[in-house]
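Chemist: The structure that follows is given in the form of structure tokens.
The values are calculated or read from the model by the stated rules, or taken from the named source; none is laboratory data. Because the structure is a prediction, the values reported are computed rather than measured. Positions of Cβ are backbone-derived with ideal geometry, glycine not excepted, and every protein chain shown enters the neighbour counts. Please note that ligands, DNA and RNA were not included when accessible areas were found on the heavy atoms of the full protein model with its side chains. Shrake-Rupley method; radii C 1.70, N 1.55, O 1.52, S 1.80 Å.
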Amino acid sequence: MIATLAFYLFAAILLASATMVVVARNPVHAVLFLILGFFNAAALFLLAGAEFLALILVIVYVGAVAVLFLFVVMMLDVNFAELREGFVRYLPIGGIIGGILLVELLLVGAAWTVSPQAPLLIAEPVPGAVTNTQAIGRVLYTDYVYLFQAAGVVLLVAMIGAIVLTLRERPGVRRQNVGAQLARARDETLAVMKVAPGAGLTVVPKPEPKREPEPADHGGHGHGNHHGGGH
Amino acid sequence: MESILNWHAVIPELVLACLGMAALMLGVFMRRGATLAVSMAALASLLLTAVLVLSMDAPVIAFDGLFVLDEFAVFTKVLVLLAAALGLVLSLDWNEKERIDRFEYPVLVLLATVGMMMMVSANDLMSLYVGLELSSLSLYVLAAIHRDDLRATEAGLKYFVLGALASGMLLYGSSLVYGFSGSTRFAGIATAIEAGPPSLGLITGLCFVAAGLAFKVSAVPFHMWTPDVYEGAPTPVTAFFSIAPKLAAVGLFLRVMTGPFGDVAGQWTQIIVLISIASMLLGAFAAIGQSNIKRLMAYSSIGHVGYALIGLAAGTEEGIRGVLVYMAIYIVMNAGTFGCIVAMRRKGQACERIEDLAGLGATAPGLAVAFSVFMFSMAGIPPLAGFFGKFYVFMAAVQAGLWPLAVIGVLSSVVSAFYYLRIVKVMYFDAAQPEFDPRPASVGVVVAGSMIFTALFALAPAPLVAAAGTAARSLIGG
């Protein structure tokens, strides 16, 4: 009873927040509604007994993807009013295509048949004594290991692509060179002086020649060793 | 179903993927002068993989039915590897001159090739999709690799957006097929179709899958991206696009239509006939007004896909054999043609207009002869290879009773002969333009090799036709 109530509660909030994602005028609000939607979907997973998927959804989608969205929305300053300019102009053709798809979906739905095994699967969502993390692991790394590895290669390509298309090496950028910075001796950077009481630091000129080459040398570390750095 | 891994069937893909990553590491750590080394390593990898593919024992079904290695897959994979190698060789000199010689280029070509090999070996809707995405994603990046060039970035973006749309259609169709057949395995789908009259949902899914695949082969209602992408992308990338991915997508198209959906051929034949006719006609008529040679080749490739699809529409073993022979010949003569286009460079600037070819017969007789051979072959003039490609497809169509398709094919190839021969006329009879820069050796090798194949194919067509026949038998018979 409570589970049913909870299901309807979460489902209703999920649908409402999904609608708000689409209609919200402020893109930041849209992303926040998206996060709300993710949390409710995770709750639905929990109700279905899939605790692993529920937590993955929260960690990956809320923790990483949605935050990234938020960054992008805030940084790019997309003008959504401008994006919607052509909306009315393209509404008729979009409406026609959408209508055709809807009719097709309805026709398809009319022909829907439910497999006789489906109720059995619902009756026992967790097979045997295996936790669902284990169950997913078994399927992913045995039956679908081919697809799992291939998906990894797809992600590698995405990474290479992002670097190839966006990384630029700008001249004159100072980079950190941890090794060189740590290897410096104290004498190269510090000069310990005796300060006479009441005289202040009037004798500064003395260590100057010693310190003079230092900043240049330091800058050299930052520059020199990074040709092709980001590759 | 018992679980059989048979992982040794994917050794060629595995080796190529690992070598691709090794090449990436090589490029990252060598820094200076890495591009040439990585390109050579990539070529060697492609060669090694081709040897591995040929040494595999077919047929094998691996990973519990996700992956299939049959004679069809072997034949297509060898051609894909050849096409990738040709594309890579054409890029060597060009990328250096255009200052886009980045070591990621050969790496992306290798990884795209892995994706294409996965496509032609797909035996499940999921492995189909993953393979397709792996190759497509690499291709989007390759299209935009000249990132400081406005047209190249536009081409990359256009390709990406429309490709994502096509992937969406394919996925939507796949989900419907899965929902109504209860399986993503091709064998499972075929069993579900055999069991009774196909449901409306399954047919709708089939249409969406066909639309997604038609986009990838750039057949007509889904061709809009082709001219812009072919024109905008750097020429060697265009050459690569027009041979390797096209071949892999055609192979995938053949496998999906004849495999799981073989029993509902009546449903998809009409789709294929329609897009085939439309592609042939558009390829013939839209290319006439073009002044940019790359754009012309884009329309030409749309037309060629139309001819190849005739064989699929026939749906017989002869038809499939015809498609395979057609594509094999097409990739060689297309690689040669693009070799000639890559060689069009004057005072360090790449030329793309057809007028730039004027008087080539006087200034560079060798190049002009090669270009003419390719153009005559593309038009389907008898002693050359292109004629045989068309011949096998048209014969299959006639035997399958698809007379109208064959007639339209012949008529549109007559129309397309006009613009192919116009290039020959420009080269030999127009007032000469200044000479082109000297050709790099790598391009010369590709052009000469392709020309010899195209010109002399008539002497020994038997091995290729026999291999294609075996491949077709494994697809239709199995």
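Chemist: Residue by residue through region B:38-48, note down the ones that are touching a residue at least 40 places away in the same chain (Cβ under 8 Å) and either surrounded by fewer than 21 Cβ atoms within 10 Å (Cβ to Cβ) or away from chain A (no Cβ under 14 Å) (or both). Talk me through it step by step, then tell me what you get.
Modeler: Kept after step one, since they are touching a residue at least 40 places away in the same chain (Cβ under 8 Å), are these residues of region B:38-48: B:38-39, B:41-43, B:45-46.
Matches in region B:38-48: B:Ser39, B:Ala41, B:Leu43, B:Ser45, B:Leu46.
Chemist: Which residue out of B:Val68, B:Val10 is outside any helix (DSSP H, G or I) and touching a strand residue (DSSP E or B) at 6+ places or on another chain (Cβ under 9 Å)?
Modeler: Within the list B:Val68, B:Val10, the selection yields B:Val68.
Chemist: Taking B:Val60 and the conditions (1) away from chain A (no Cβ under 14 Å); (2) touching a residue at least 40 places away in the same chain (Cβ under 8 Å); (3) more than 15 Å from the chain's Cα centre (by Cα), which numbered condition does it fall short on, given that it satisfies the others?
Modeler: (1)
Chemist: May I pose another question? Could you tell me how many of the residues in region B:147-171 are over 24 Å from the mean Cα position of the chain (by Cα) and either more than 13 Å from chain A (Cβ to nearest Cβ) or assigned to a helix (DSSP H, G or I) (or both)?
Modeler: 1
Chemist: I'd like the full set of residues that are part of a loop (DSSP other than H, G, I, E, B) and farther than 23 Å from B:Phe376 by Cα, limited to region B:449-478.
Modeler: B:Gly477, B:Gly478
Chemist: Is it the case that region B:178-188 has a residue that's more than 20 Å from A:Val114 (Cβ to Cβ) and of a type in the set (A, V, I, L, M, F, W, C)?
Modeler: yes
Chemist: For region A:70-90, which positions are open to solvent by less than 90 Å² (accessible area, probe 1.4 Å) and modelled with pLDDT of 80 or more?
Modeler: Result: A:Leu70, A:Val72, A:Val73.
Chemist: Any idea how many residues of region B:168-202 are closer than 23 Å to B:Ala313 by Cα, among the aliphatic types (A, V, I, L, M) and open to solvent by less than 30 Å² (accessible area, probe 1.4 Å)?
Modeler: Of the residues in that region, 6 qualify.
Chemist: Counting only residues that are open to solvent by 30 Å² or more (accessible area, probe 1.4 Å) and of a type outside the set (Ser, Thr, Tyr), give me the helices (runs of 4 or more DSSP H) lying completely in region B:351-448 with at least 3 of them. Show your work before the answer.
Modeler: Details: elements: B:360-363, B:365-379, B:385-399, B:403-429.
So the answer is B:365-379, B:385-399, B:403-429.
Chemist: Another question, then. Within region B:193-208, can you find the residues that are touching a residue at least 12 places away in the same chain (Cβ under 8 Å) and more than 11 Å from chain A (Cβ to nearest Cβ)?
Modeler: B:Ile193, B:Glu194, B:Leu206
Chemist: Exactly one of (1) within 14 Å of another protein chain (Cβ to nearest Cβ); (2) crowded, with 22+ Cβ neighbours inside 10 Å is unmet by B:Gly65. Its number?
Modeler: Result: B:Gly65 fails condition (2) only.
Chemist: Please return the ranges of helices (runs of 4 or more DSSP H) entirely within region A:95-194 where 1 or more residues are touching a residue at least 60 places away in the same chain (Cβ under 8 Å), open to solvent by 50 Å² or more (accessible area, probe 1.4 Å) and away from chain B (no Cβ under 14 Å).
Modeler: Values: elements: A:118-123, A:132-138, A:145-166, A:178-183, A:186-189.
Filter on region A:95-194 gives A:132-138.
Chemist: Taking interchain pairs and intrachain pairs at least six residues apart, which have beta carbon atoms under 9 angstrom, with the first residue in region B:461-474 and open to solvent by less than 20 Å² (accessible area, probe 1.4 Å) and the second not in a helix (DSSP H, G or I)?
Modeler: Correct list of pairs: B:Ala471/B:Asp70; B:Ala472/B:Thr316.
Chemist: Which of the residues spanning region B:105-129 are crowded, with 24+ Cβ neighbours inside 10 Å, within 9 Å of chain A (Cβ to nearest Cβ) and closer than 30 Å to B:Gly262 by Cβ?
Modeler: The answer is B:Ala112, B:Val114, B:Gly115, B:Met118, B:Asp124, B:Ser127.
Chemist: Could you list, in sequence order, the residues of region B:77-124 that are among the small types (Gly, Ala, Ser) and part of a helix (DSSP H, G or I)? I'd like the intermediate steps shown before the answer.
Modeler: Our first condition is that a residue be among the small types (Gly, Ala, Ser); within region B:77-124, this holds for B:83-85, B:87, B:91, B:112, B:115, B:121-122.
Residues satisfying the conditions are B:Ala83, B:Ala84, B:Ala85, B:Gly87, B:Ser91, B:Ala112, B:Gly115.
Chemist: Going by the conditions given, is B:Ile320 under 20 Å from B:Ala233 (Cβ atoms) and touching a Leu at 6+ places or on another chain (Cβ under 9 Å)?
Modeler: When the stated conditions are applied, B:Ile320 does not pass them.
Chemist: Among the listed residues A:Leu46, A:Leu70, A:Leu34, A:Leu55, which satisfies the condition of being over 27 Å from A:Tyr8 (Cβ atoms), part of a helix (DSSP H, G or I) and not small (Gly, Ala, Ser)?
Modeler: Result of the check over A:Leu46, A:Leu70, A:Leu34, A:Leu55: A:Leu70.
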